1. Quick check: at a probe of 1.4 Å, how many percent of the accessible area of the chain sits on carbon and sulfur atoms?
2. Calculate for the chain the 222 nm mean residue ellipticity that helices alone would give, adding -39,500 (n - 2.57) per DSSP H run of length 4 or more and normalising by residue count, nearest 500 deg cm²/dmol.
3. Can you list the residues, at least 5 places off or on another chain, whose amide H is less than 5 Å from the amide H of Ile139, using H built in the peptide plane?
4. In terms of the Cα gyration tensor, with a ≥ b ≥ c the square roots of its eigenvalues, is segment 89-194 rounded because a/c is under 1.5, prolate because a/b exceeds b/c, or oblate?
5. With +1 on each Lys and Arg Cβ and -1 on each Asp and Glu Cβ, how big is the dipole of segment 76-194 about its Cα centre, in debye rounded to the nearest 20?
6. Taking K and R as +1 and D and E as -1, what net charge do the other residues with C-beta under 13 Å from the C-beta of Asp92 add up to?
7. In terms of the Cα gyration tensor, with a ≥ b ≥ c the square roots of its eigenvalues, is the chain rounded because a/c is under 1.5, prolate because a/b exceeds b/c, or oblate?
8. Send over a whole-number figure in Å² for the accessible area per residue of the chain, probe 1.4 Å.
Amino acid sequence: MTEIPSKKEAILDAALTLFAEHGFAHVSVAMIAEQSDVTKSLIFHHFGNKEQLWDEVKQHYFNQYAQTQEILFEQEKNPLALIEKSMRNYFDFIKQNPLVARFFSYAHLDNDAGCGELDQPLFNQGEFLIISAQQQGLIRPDINPTVLIMTFINGINQYFVARCRFEQWDADIYRDDETFINHFIALLMTGIQP
C-alpha cells in the first residue's frame, strides 16, 4: 500500500523542486502552493513565510542524509572503510535525491551561512576521524581534513549537477553510476594513503 504524503510533505517536496530549479529569489509562495496543490495560507500556517520554508526544506533533506551518516559513524570502526562508505553513502543519497544537490548549490550561491551551521556536527566528526587516521599512519599527514571532505562532497555533487557538461567529456561515466563512484573512491582513497 502506497502511503499518501501529508500536505506538509507535499509542500516540502514542491518547494524542493522549485527551489532546485529556480533558486530562492525566483520562487514565489504562490508557485509552491500551485505545485503542491494547497493554498498559500496553508503554507504560511505550516512555515510562517518563504524564508522559513526554505530553511525547513534545507533541514528536512539534510536530516535525511545525516541520519544515515550518523549510523555509519556509530557502526564502522575502521577509519578508511568509514571514509569509503561515507562517500558511497553520500553518492547514494544524492543519486536518490538529485534535486538536493541542486538546492544546496543555490544555497551556496546565495551565501546561505545556515548550511555551514547545519552540517557542522557531521563535519566535526569527519574531521576528527581523518585526524585520528592520520595519527595512526593510515592517511597522509599533509592531507587537510577540510579539503578532503570538500573534495568528496563537491565531486559527487558536480557529477549530478553538471552532468550536461561532463557527459560531453566522457559519456561512459554516466552510463553506469557505479563506474563513476568506483573510480572516484579509488582515486581519493589511493591519494590519501601514505
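The values are calculated or read from the model by the stated rules, or taken from the named source; none is laboratory data. Every value quoted in this text rests on a predicted model; they were computed, and no experiment measured them. Ideal geometry is used to build each Cβ from the backbone, glycine not excepted, and the neighbour counts take in all protein chains shown. These accessible areas exclude ligands, DNA and RNA; they are computed on the full protein's heavy atoms, side chains included. Shrake-Rupley method; radii C 1.70, N 1.55, O 1.52, S 1.80 Å.
1. Working: 5950 of 11050 Å².
The computed percentage sits at 54.
2. So the helix-based figure for the chain works out to -25500 deg cm²/dmol.
3. For Ile139, the qualifying residues are Gln134.
4. Oblate, because a/c is 1.5 or more while a/b does not exceed b/c.
5. So the magnitude is around 120 debye.
6. Values: positive: Lys85, Arg88, Lys95; negative: Glu84, Asp177, Glu178.
Local net charge: 0.
7. Values: a/c = 2.22, a/b = 1.76, b/c = 1.26.
Since a/c reaches 1.5 and a/b is larger than b/c, the shape of the chain is classed as prolate.
8. Working: 11050 Å² over 194 residues.
Per-residue accessible area for the chain comes out at 57 Å².
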